[in-house]
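The values are calculated or read from the model by the stated rules, or taken from the named source; none is laboratory data. Here the structure is a predicted model, which means the values were calculated and not measured. Every residue, glycine as well, gets a Cβ built from its backbone with ideal geometry; the counts of neighbours run over all protein chains shown. Side chains included, ligands, DNA and RNA excluded: accessible areas come from the protein's heavy atoms. Shrake-Rupley method; radii C 1.70, N 1.55, O 1.52, S 1.80 Å.
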Amino acid sequence: MDGRPSFPRTQSLETRSSPLDRLVDRTAAALKALQQDDGHWVFELEADTTIPAEYILTRHFLGAPPDTGLEAHVGRYLRARQRRDGGWPLFHGGDANISASVKAYFALKMIGDDPEAEHMRRARTAILAAGGAARSNVFTRILLALYGEVPWRAVPVMPVELMLAPRWFPVHLSKIAYWSRVVVVPLLILQALKPRARNRRDVHIGELFVTPPDRERRYNVNPTGSALGTAFLVLDHALRAAEPLIPRALRRRALRTAEAFLLERLNGEDGLGAIFPAMVNAVLALDALGYPQDHPHAVAARRAIDRLLVGYGDRAYCQPCVSPVWDTALTAHALLEAGEPPDGPALRPALDWLRDRQILDRTGDWAEGRAGGAPRPGGWAFQYRNDLYPDVDDTAVVAMALHRADPRRYADAVARAAEWVLGMQSRNGGWGAYDADNTRHYLNHIPFADHGALLDPPTADVTARCLGFLAQIGLGRDHPAVAGAVGFLLREQEADGSWYGRWGTNYVYGTWSVLCALTAAGEDAGSPAVRRAVRFLESRQRPDGGWGEDCATYWRERKAEAKASTPSQTAWALLGLMAAGAVDSDAVRRGIDYLERAPRAGARWAEDLYTGVGFPRVFYLRYHGYAAYFPLWALARYRALQRRNSRRVGHGL
């Protein structure tokens, strides 16, 4: 005996005989073995090659001493992800992307790859065939301007004086999403000061331009093709002409305001906004403002991006952020489903770890949009620390886990979460992730917003999570928030029965999310909306019994595209079908068979394809934990429902 208390199990591993029982128990045990000492779980979070490439280029912007070992590891990672046609994709198996390709090429050349090497020649050919580096997106062109590779007119005008705009002004920080806010403010500083990278190796990429950069006339374009986009493009030309006339005193005041915003939100070694693009921009902005590299703010800002590095074997990459709260909450749900006792040695410390990270004493930017009065803080962030930017998706998932595990022990935390979630509902009944009523869609037409993700409007998947939480804690269909959410979701259903997945790929993710929420809220399994959704999921099942949906489905004309079945998407489809009452259907049985057969090692099923989303069509994510806790969750739920007389799922997720 090791002195720890013993906890009862429903059955010992030895007395369970079915392959499903053994698979669930062994996977749960392997997942528990990955738990951190303080109780939480965190898995790698991988994006595209733009993140590690920009990490390398940031070091050279600052003139940092070369770390040849790290550069060699990152270089191997970048080369391994190059497509046969020479370009780099936004997700595994995706089409070549011009911006990702330019950054990867620049980073590889910076660390010493010979431009005449075969992989560099292929990359250069692919980039030139796509129109050259001038056709890359705004964020890439800003990086190139900082290196002097393109003139600053290659970038849309974003004057730092926007920091002084009144709230009623059409373009105001409070009107854009959290991620846009923390990325844009340091960029405003950089665009005002126009620093130049130290670039001590004197590496340049003029060979990637079809037209010499100084002679290129078509950098900035209408991002949407709309009349409003054309009007904003005309305004951009006018602002460029007027910018030299801005009084110096006004510019200094605007720079001080931007600097104050930045310093207030630096967030120590967790970084500005706790996301890599904002962190990198903060590092560069502090340098441009004259902060010495040994200043505590500069040291912490650099440390924040260094902490995102992940190495394995002879390769290394930089994560876009970390996901411990999300990973821990979803792992807790999976283990609860698998029969792990809530007060046991795995779940009790995990749940307490989550409870202790609830943000109760800091009011973030989210409060600015609450015309009727902001609720008290009560949410959770995605990362270890990001107190000014909690999100309702994490909050609902965490609170559902706490409530499901021990509603009495965690009553206060769940109540504060409910208060905050209710206070963050948008007027149309839905929820965005970080802000309420963040719906000034005209802003996505400005030239700077060519990524199309300047806003955080309500979405079906986030709304579903909030509705599932409210239903789980007992709010009925007659509650205004529940009624509003149900109405929003029914209006958002697509003609084929699916729901769009903003934060997960894609219609399988959205449809799973909504089916769980609607049925938790009392929607009849035989209702037209539910039956259409079930038919959609059944129609997308693949011949091998699994489900797979490509990241390319975010282009509407490619809605049905799939490369292969994936364990995580199969689990979502199964969880959605089971929530809708189809536990005994042939589709569910075939999906369970797929998961039982699919290769896995330890806690994780084999899964290389990306199934997460940062910004649709722009930035995708591979959550390494998705192929662990979601398949376990689906298998355990199937087992639990088969053992009960009732086929009803009793939780909001």
State yes or no: is Ala628 part of a loop (DSSP other than H, G, I, E, B), among the hydrophobic types (A, V, I, L, M, F, W, C) and surrounded by 20 or more Cβ atoms within 10 Å (Cβ to Cβ)? no
Residues of segment 544-555 classified as open to solvent by 60 Å² or more (accessible area, probe 1.4 Å) and either touching a Gly at 6+ places or on another chain (Cβ under 7 Å) or over 30 Å from Asn97 (Cβ atoms) (or both), total: 0
How many residues does segment 20-69 hold that are open to solvent by less than 20 Å² (accessible area, probe 1.4 Å) and among the charged types (D, E, K, R)? 4
Please list, ordered by first then second residue, the pairs with beta carbon atoms under 8 Å, 6 or more apart or interchain, first in segment 64-85 and under 15 Å from Cys318 (Cβ atoms), second in a helix (DSSP H, G or I) and among the aromatic types (Phe, Trp, Tyr). Val74/Tyr55
In segment 418-452, how many residues are over 18 Å from Val397 (Cβ atoms), in contact with a strand residue (DSSP E or B) (Cβ under 7 Å, 6 or more places away or on another chain) and either of a type in the set (D, E, K, R) or open to solvent by 10 Å² or more (accessible area, probe 1.4 Å) (or both)? 2
Going through segment 487-513 in order, the residues found to be open to solvent by less than 10 Å² (accessible area, probe 1.4 Å) and either over 30 Å from Arg558 (Cβ atoms) or part of a loop (DSSP other than H, G, I, E, B) (or both) are Gly497, Ser498, Trp499, Gly501, Thr505, Asn506
Can you go through Arg558, Arg540 and tell me which one is under 27 Å from the mean Cα position of the chain (by Cα), within 21 Å of Ala495 (Cβ to Cβ), modelled with pLDDT of 95 or more and open to solvent by 10 Å² or more (accessible area, probe 1.4 Å)? Arg540
Residues that are open to solvent by less than 40 Å² (accessible area, probe 1.4 Å), farther than 23 Å from Ala145 by Cα, in a loop (DSSP other than H, G, I, E, B) and touching a residue at least 60 places away in the same chain (Cβ under 8 Å), drawn from segment 254-300: Arg265
What number of residues within segment 189-217 satisfy the criterion of being out of contact with any Phe, Trp or Tyr (no Cβ under 9 Å at 6 or more places or on another chain), closer than 28 Å to Arg251 by Cα and open to solvent by 80 Å² or more (accessible area, probe 1.4 Å)? 2
Pairs needed: first member in segment 518-546, more than 14 Å from Val588 (Cβ to Cβ) and in a loop (DSSP other than H, G, I, E, B); second member anywhere, open to solvent by 50 Å² or more (accessible area, probe 1.4 Å) and charged (D, E, K, R); C-beta distance under 7 Å; at least 6 residues apart or different chains. Ala521/Arg477; Gly522/Arg477
Taking Ala601 as the residue in question, decide whether it is surrounded by fewer than 17 Cβ atoms within 10 Å (Cβ to Cβ) and modelled with pLDDT of 95 or more. yes
